[in-house]
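Worksheet: the structure to be examined is printed underneath.
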């Protein structure tokens, strides 16, 4: 499932994050890459442990916490701390790669990367190129979103970031271990949830309708069947 | 059908707009568990989503931590109904808190007793001893011997205030100090620091963490430290390797070793003048080059954490080691000034100081500890229970030696004058030792604690512990003062089987507020403390204490800032109101005392630029309620308890000027303080040390995120203050020092 989640951060929050990141101590992106993807990676990235990273992580996590659609789609069990990268100038691209299956946290905890997320912090008109290209079973997708918007896609997909030929592309990226491991099942649940939402808001049916209650029950029972808590 | 699903639909009053009620189902459950959004109590909720970021911040990077291991398992600080102050590695690195003692200076309510046996770690919290023999922990397990603890292998220091024998067994009247050791992590990270400074200071630390495979890692910490300190020199080194396997799997193992070696010349004590601290310069050393406080600590440790399929956890650890120490320290007594008695008025550079070597001491302590702690969460009777149960066993053995022959006790080391500190005197004699006392004990403890969520906002804590303690003491006598021929051995023994309790009520109306009311008891088998070896003091019952506390832990600014406050009353029965030195004439365990006060802590980030750590204690009332058995050696009923200043505190504020530059200023201090109470034997029982404030400052420049330079100035005002007090003398704090540090992470 590839999903565009709008306005995870407000424009105001984007501006705050950008202000922090403008002052931040950027470093070579290869510090977090595995040996294979290090060959492909050419960008700059913020160290995981600096003040700026933590401040922006807070902003992002708050944004996600209040975003209902995001939760419904991701059903997160663990969210790895968001990281930040910057493409532009000499360091402007990240070739085809697959994310490592597991993210190791500094405290020894691990996050299985079921879902990859990229949150855009630069507006599309601020740079040329820089599209996130995701290959999934339906082919290749080209993603370039408004600042504050997020794309979530299966961690299993091969993806790359096209060269930024003008301006700078700043984004945050992170991974989610979902309570529902299978992308397919998560997608079904999400679809069902969305349709149910429509039924519930439909004035002729409403929330008390027996079918709505029945389908809600089915939603929960599927969740129970597939859940890994 | 399907009525089960209905509660999820329950519209809460918070959802006034129809579209808000139409939150997706998955989101309603999950988001509620993350943010605490209003939800019907009956809603089906999934377990809380773990936003890993919060647990992920290393102590190296922040002053604020919300988790602690001091309650044996890992707990949220907000779930512990007692005052807790945590000193993270960042504060240690920022202020250059090289030793445990330095670090504890930054915890309010802590004072130090100068002692005749030269340990620099006779610590008081709320006025009660945090005995090295029972209340210092490493990873929640006793670390009881006397040695000069260094922080090179310490990730953070947790101070839990109030009685806690229910968790730790004997000790803990004032509280417990837990040193959390650095452990292997699944990442590659190395930190190297080199500091150089005034008074010949050189310190280098190495912290290498290497991830070897998906589940194994190795960590090595090492330290080398030297300083001349104008006479009171430091010469120490340490190494602590540890290896973990099975990390992230249900069975995590760690094996490690620790070695620390000290060859220091300790600061000298100086007598009081007219009931006040001698007005000498900060850091003035009036000892000799022959003084020493040598010691080494060597131990091995192991840890096994097993995660059961049902989510419960069993932690088993052991530690076994040998600790050796020998000291011969100088006390500078005030002599005459220009031929007449010294007073505050004529005290000056010409004042003669008669140097007396405190009795040479040497001891060897061996200890082995094993403990298992089991924690489990479960639903029982419709309520959530957090169960904690454990068993621990200890075997301890000590041999103590005293000087004999020429350098037996109180050996005169020659005179100097106030104007002539660090005069380079080197004596042509040194102590020789013979065994004076032996001590052996076995202890076993069993405990059970339950934290029950009795209602959505209320938790109740109850715990009980049973201890079995058998001790055996021997005292040796010799043919004469110059002989090593042992003529007699007097032995005593005792066994105690006390029960300890802990109860608490927690009210947590939101994720940012936690209020507690708690009650705890503790006991101390005083006979395991230094020199409590004769019938008079060994055969009296253990000290008992109880502690009542009402407190609040509040989070602000999205959890970036925490404040903690508590009002407490601690009471101790069978109190050792007299100094241990009078143990031969008085039943030392016979008094009663109490202290009542308020503690406040604030820690965290106010804005992304400003970070703060503050700790303050106010004890308006600390009195002796009943006194000892010997009129000549007892404290006075109604008197304020020694080493319990009314106010004490510490503050550290840092400002990140830009991405590369950070400055910080802080300090610690206390109001007027005085030593242990006692009416005879000691030279100046009423001597006072005035209130003081010592300031420290730091500036840090990061060339890159991984390379920084740091400049520290400690004791900015070069203040001379009474750091550790004894009735007969005081040990003043260190003088101003400037340190430059280069640190690298790679």
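Here is how the numbers come out for the structure above:
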read-out: Answer residue from the stretch B:695-715, given it is outside any strand (DSSP E or B) and under 24 Å from residue A:52 (Cα atoms) and is modelled with the lowest pLDDT among those; value: B:705
read-out: Complete set of residues in the stretch B:682-705 that are more than 26 Å from the chain's Cα centre (by Cα), crowded, with 17+ Cβ neighbours inside 10 Å and over 18 Å from residue B:196 (Cβ atoms); value: B:682, B:684, B:685, B:687, B:702, B:705
read-out: The listed residue being at pLDDT 80 or above, surrounded by 15 or more Cβ atoms within 10 Å (Cβ to Cβ) and within 30 Å of residue B:620 (Cβ to Cβ), out of B:475, B:508, B:513; value: B:508
read-out: Scope the stretch B:211-228; condition surrounded by 21 or more Cβ atoms within 10 Å (Cβ to Cβ) and more than 23 Å from the chain's Cα centre (by Cα); matching residues; value: B:217, B:219, B:227
read-out: Exclusive hit being away from chain B (no Cβ under 12 Å), touching a strand residue (DSSP E or B) at 6+ places or on another chain (Cβ under 8 Å) and without any contact (Cβ under 8 Å) to a residue 60 or more places away in the chain, set A:167, A:155, A:148, A:139; value: A:155
read-out: Test result for residue B:701, within 17 Å of residue B:665 (Cα to Cα) and within 14 Å of another protein chain (Cβ to nearest Cβ); value: yes
read-out: Filter result for residue B:151 (at pLDDT 90 or above and surrounded by fewer than 23 Cβ atoms within 10 Å (Cβ to Cβ)); value: no
read-out: Breaking point among (1) away from every other protein chain (no Cβ under 14 Å); (2) surrounded by fewer than 20 Cβ atoms within 10 Å (Cβ to Cβ); (3) over 22 Å from residue A:15 (Cβ atoms), for residue A:116; value: (2)
read-out: Criterion (over 25 Å from the mean Cα position of the chain (by Cα) and either at pLDDT 90 or above or within 14 Å of chain A (Cβ to nearest Cβ) (or both)) met by exactly one of B:354, B:254, B:327, B:298; value: B:354
read-out: So residue B:123, is it modelled with pLDDT of 75 or more, crowded, with 20+ Cβ neighbours inside 10 Å, within 30 Å of residue A:61 (Cβ to Cβ) and away from chain A (no Cβ under 14 Å); value: no
read-out: Filter result (in a helix (DSSP H, G or I), free of Cβ contacts under 8 Å to residues at least 24 places away in the same chain, in contact with a helix residue (DSSP H, G or I) (Cβ under 9 Å, 6 or more places away or on another chain) and facing another protein chain (nearest Cβ under 9 Å)) within the stretch A:195-220; value: A:196, A:197, A:200, A:201, A:212, A:213, A:214, A:215, A:216, A:217, A:220
read-out: Sole exception among (1) within 16 Å of residue B:394 (Cα to Cα); (2) free of Cβ contacts under 8 Å to residues at least 60 places away in the same chain for residue B:292, by number; value: (1)
read-out: Test: residue B:324 is in contact with a helix residue (DSSP H, G or I) (Cβ under 9 Å, 6 or more places away or on another chain) and closer than 24 Å to residue B:260 by Cβ; value: no
read-out: Candidate set: the stretch A:51-95, residues that are part of a loop (DSSP other than H, G, I, E, B) and more than 9 Å from chain B (Cβ to nearest Cβ); chosen: the one modelled with the highest pLDDT; value: A:89
read-out: Check on residue A:165, part of a strand (DSSP E or B) and over 27 Å from residue A:184 (Cβ atoms); value: yes
read-out: Failed condition for residue A:18, given (1) in a helix (DSSP H, G or I); (2) more than 9 Å from every other protein chain (Cβ to nearest Cβ); (3) modelled with pLDDT under 90; value: (3)
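The values are calculated or read from the model by the stated rules, or taken from the named source; none is laboratory data. Worth saying up front: this structure is predicted, and the values here are computed from it rather than measured. Here the Cβ is made from the backbone with ideal geometry for all residues, glycine too, and neighbour counts use every protein chain on show.
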